[in-house]
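In what follows, a structure is listed as structure tokens, so that the remarks can point back to it.
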Amino acid sequence: MVWKQAVQTLVQCVVALLISGACAAYAAEHAKGQISERPFGQITDGTVVTAYTLTNANGLKATFIDFGATLVSMEAPDRNGVNADIVLGFDKVEDYEQHNPYFGSICGRYANRIAKGRFTLDGKEYSLATNNAPNHLHGGNKGFNKVMWKGEAFVLDKGPMVRFTYTSKDGEEGYPGNLTCVVNFTLTNTNELRIVYEAETDAATVVNLTHHSYFNLAGQGAGSVLDHELVIYADRYTPVDDTLIPTGELAPVKGTPFDFTVGHAISQYYGETNGGYDLCYVLNKKTGWVELGARAVEHGSGRTLEVITTEPGLQFYTGNGFSGSLKGKAGVAYVKHGGFCLEAQRFPDSPNHPEFPSAVLRPGEKYSQVTVYRFGVEK
């Protein structure tokens, strides 16, 4: 009997050690973050869309779909630790396919506008769709926001990540060259959404990728963002004509309603704008690496957002086209200025402005960009 008790005790000890080890491994793995996947409906051609939810070690959650490599929700805490979804979007993929004003998507092959849908590269003129008449906008009629990307999810030491890949064929939307794109989204355990873009081509082309989330730090559907306080670290901007095409000048913001070098409410000089903000800022960058470009805060919730980027430009847009007719998540009406965008990118219409930072990519070169959205709470 003694030996049986000894064996039972030994077995119990081994089981306890195994359970303890499994629990420790489980805890260690979850300390890095978690990933879950689920179906998110089907697009018109029957393709099943997948949603990837990333949860970091602090409980921040970001959900992406492989249609448009789109961020559909971003849950961040307020000063009391209460999470809210702070990006505008839809509950169904059909709305992203049919009614999407670029909510949360990757825009390309060329984000922002190209004048009259034309550019010349190596002596050859290329014609693109004028889907924002009279200009080309965000890649055309079927830009990167309306194509299926291939998604793969990983849990890394710094947090969960989803990787999206897409190959844009030669001639797609009028652009030359087969362009292979990779976009990595990592929700780090330091509360950052880190976006790393890469692209390669087999023929000379133009590339300008950006992420187009509309943020409302009070919570999506919570009304206008004009009371948010904003700083943009840019002494200059790109003045535009009446079709929002840059004139080529890099003008000082000082003395204009576009000056956010000192933080103030977006509403402060709103009356001097033409119904809101939609312009590209020339960031005060000292290096070619990531630097702070902007900081927003919503004092009611205490939520803050910082944008850190390698890019020379930051497009600031205040949802000027919303009227309340567009219904978003949970059927909420998106009112005018119901969200703001801070889109890190090259300057608009760069292919037609040789004086701007180049957007040309050639075989053997690699397009690369890093943009970080850092979430926090004001003290």
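Expressed in nm², what is the orientationally averaged projection area of the convex hull enclosing the Cα positions of region 173-288? So the mean shadow area of the Cα hull is 10.6 nm². Between Leu193, Asn145, Ile245, whose Cα lies farthest towards the positive end of the dipole of region 36-377 when Lys and Arg beta carbons carry +1 and Asp and Glu beta carbons carry -1, centred on the Cα centre? Checked the options; the winner is Leu193.
With Cα atoms as the point set, the chain shows a radius of gyration and Dmax of 23.0, 94 Å. With neighbour counts taken as other beta-carbon atoms within 10 Å, the residues Leu121, Leu314 rank, fewest first, as Leu121, Leu314. For the chain, the longest principal axis of the alpha carbon atoms and the long axis of helix 2-32 meet at an angle near 10°.
Here's the picture: charge each Lys and Arg Cβ at +1 and each Asp and Glu Cβ at -1 in the chain, and of Tyr270, Gln42, Leu342 the one pushed furthest to the positive end of that dipole is Gln42. Within region 308-369, the GluC sites (Glu not before Pro) that combine a DSSP coil assignment with at most 11 other C-beta atoms in a 10 angstrom radius are Glu355.
Taking only the alpha carbons of region 166-224, we obtain Rg and Dmax values of 16.2, 46 Å in that order.
If the Kirkwood radius is taken over C-alpha pairs of region 322-379, then at 4 °C and 1.567 mPa s the Stokes-Einstein diffusion coefficient equals 82 µm²/s. Around the Cα centre of region 36-377, unit charges on the Cβ atoms of Lys, Arg, Asp and Glu (plus for the first two, minus for the last two) sum to a dipole of about 260 debye.
Take every Cα pair under 8 Å whose residues are at least 6 apart in sequence, average their separation, divide by the length of region 284-361, and the relative contact order is 23 percent. The listed peptides 246-254, 276-284, 298-306, ordered by packing as a protection proxy, come out as 276-284, 298-306, 246-254 (highest mean of other Cβ atoms within 10 Å first).
Think of each Lys and Arg Cβ as +1 and each Asp and Glu Cβ as -1; about the Cα centre, that makes the dipole of region 271-367 roughly 320 debye.
Read the figures in this text as sums done on the coordinates, not as results from a lab. All values derive from a computational prediction rather than experimental measurement. Note that we place each Cβ from the backbone using ideal geometry, even for glycine, and neighbour counts take in every protein chain shown.
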